[in-house]
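Below is one structure, written out as structure tokens, with a few remarks after it.
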Amino acid sequence: MAKKEKQVVLSGYYGYGNGGDEALLATLLQMLPPPVSPLVLSADPELTTQQHGVPACDRNSPAAVWQALRSSDGFIWGGGSLIQDATSALSPLYYTGWMAIAQRLGLKTIAWGQGIGPLKRRTTQWLAKTSFQGCTAVSVRDSASAQLLKQWEIKGTLAPDPVWALESVMLPELADLPTPRVAVVLRSHSQLTSERLHSLTQSLQQFQQSTQAFILLLPFQASQDLAIAQTLQAQLPTVSKILQVADPRQLKGVFEGVELAIAMRLHGLIMAAAEGCRCFALSYDPKISQLMQELSLPGWLLSELPTDPKTICQTWLASYASPPVAPSQIESLVDRALLHRQVLAEGLQISP
């Protein structure tokens, strides 16, 4: 006899055009056990349905979200740094608010692939702790988050970021672009000042002349990244191309054909390393610094970026000539990332 389908609401930073968060959603959908029917809370439901092939509703419509929860069996926080108050005090209120309602309704609730914090406000700390305590199952993606769960006396599974296990797809147009290729993933941030961007641009020009590499400029979120990519492209007009890739599987697949990735974004580094690409990190956030430490990735804190373009270029050339992260280490990360799939099965009480 076939198992009855369970509808589960997926909540994350979806529908905003952020490649990393869309990759988390794609991975979550990839890992959901049958027979589960997902319903995604999205800022752009039509786009989410088009890109991922699943039903979605407006995350900003309380009536729509309430109706979704009332007709569902489960509620999942779908990966990433959802529970933090560094960028906004309102964001954690949104996520913990719907989590509290889901728990009151008796739904199976899962905090999946979470990177908890920073939590600077006492109110946010209390909301986070209460939300995680009420969850049926919890998985986190970093040791700092696992330590926080331990402090709160909450049982949870620690595993690498789920996107390590995302299945990649080759981007067809990549075959028509020159080799060797280098990918650049920059985003707007207060630490990426105009002076630092100018230094990086000059360094990239020197690096390209030394290696004759073709530069792929990858805006992970157009609203934050595209203007920077256009600035770089204007200085490298014949030897670079801006690639805006909506499908996160194809976005990850781009890195299979890349020799070096110079990246600010966490999921840019994860995707690149997972595809066997050399990585150089520019860190503006503790989560990126932690990944650098775990994988022994070369890089700088953005706040400590050298001012001399020649120094930056020489450092990139050394990374370009160095071996990538060992395949055995990548294989281990991918295998352990699959623990998030087990958490879903256990939390929803479905045999994997």
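What the table below lists for this structure:
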| read-out | value |
| --- | --- |
| Qualifying residue in region 315-322 (condition: without any contact (Cβ under 8 Å) to a residue 12 or more places away in the chain and more than 19 Å from the chain's Cα centre (by Cα)) | yes |
| Scan of region 299-318 for residues that are more than 13 Å from residue 262 (Cβ to Cβ) and either surrounded by 20 or more Cβ atoms within 10 Å (Cβ to Cβ) or of a type in the set (D, E, K, R) (or both), ordered by number | 304, 308, 310 |
| So residue 105, is it buried (at least 18 other Cβ atoms within 10 Å of the Cβ), among the hydrophobic types (A, V, I, L, M, F, W, C) and in contact (Cβ under 8 Å) with a residue 12 or more places away in the chain | no |
| Where residue 192 falls short, out of the listed (1) under 20 Å from residue 315 (Cβ atoms); (2) in a helix (DSSP H, G or I) | (2) |
| Region 99-142, subset of a type in the set (Ser, Thr, Tyr) and not in a helix (DSSP H, G or I), residue nearest to residue 64 (Cα to Cα) | 109 |
| Some residue of region 20-40 being surrounded by fewer than 16 Cβ atoms within 10 Å (Cβ to Cβ), outside any strand (DSSP E or B) and either touching a strand residue (DSSP E or B) at 6+ places or on another chain (Cβ under 7 Å) or without any contact (Cβ under 8 Å) to a residue 40 or more places away in the chain (or both) | yes |
| Lone unmet requirement of (1) in contact (Cβ under 8 Å) with a residue 24 or more places away in the chain; (2) over 18 Å from the mean Cα position of the chain (by Cα); (3) surrounded by fewer than 18 Cβ atoms within 10 Å (Cβ to Cβ); (4) under 24 Å from residue 174 (Cα atoms) for residue 230 | (1) |
| Residue list for region 149-182, restricted to those being basic (Lys, Arg) and surrounded by 15 or more Cβ atoms within 10 Å (Cβ to Cβ) | 181 |
| Segments classed as helices (runs of 4 or more DSSP H), wholly inside region 210-322, with at least 1 members that are touching a Phe, Trp or Tyr at 6+ places or on another chain (Cβ under 6 Å) | 266-274, 309-321 |
| Subset of region 41-57 (residues that are in a helix (DSSP H, G or I) and among the aliphatic types (A, V, I, L, M)) | 47 |
| Answer residue from region 238-274, given it is among the basic types (Lys, Arg) and closer than 22 Å to residue 27 by Cα and is nearest to the chain's Cα centre (by Cα) among those | 265 |
| Test: residue in region 72-81 that is part of a helix (DSSP H, G or I) and in contact with a Leu (Cβ under 9 Å, 6 or more places away or on another chain) | no |
| Residue within region 76-99 that is closer than 20 Å to residue 135 by Cβ, over 18 Å from the mean Cα position of the chain (by Cα) and free of Cβ contacts under 8 Å to residues at least 12 places away in the same chain present | yes |
| Within region 280-298, tally of residues that are loosely packed, with under 15 Cβ neighbours inside 10 Å and either within 19 Å of residue 193 (Cβ to Cβ) or under 17 Å from the mean Cα position of the chain (by Cα) (or both) | 2 |
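Yes/no matrix, rows are residues, columns are (1) in the same structural domain as residue 251 (by TED's automatic domain parsing); (2) closer than 19 Å to residue 30 by Cα; (3) among the polar types (S, T, N, Q):
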| residue | (1), (2), (3) |
| --- | --- |
| 61 | no, no, yes |
| 70 | no, no, no |
| 74 | no, yes, no |
| 94 | no, no, no |
| 102 | no, no, no |
| 109 | no, yes, yes |
| 139 | no, yes, yes |
| 165 | no, yes, no |
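This table checks each residue for (1) in contact (Cβ under 8 Å) with a residue 12 or more places away in the chain; (2) farther than 23 Å from residue 25 by Cβ.
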position	(1), (2)
276	yes, yes
281	yes, yes
286	yes, yes
307	yes, yes
313	yes, yes
335	no, no
342	yes, no
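The values are calculated or read from the model by the stated rules, or taken from the named source; none is laboratory data. Bear in mind the structure is a predicted one, so any value in this text is a computation, not a measurement. A quick note on method: Cβ atoms are made from the backbone with ideal geometry, for glycine too, and the neighbour counts reach across all protein chains shown.
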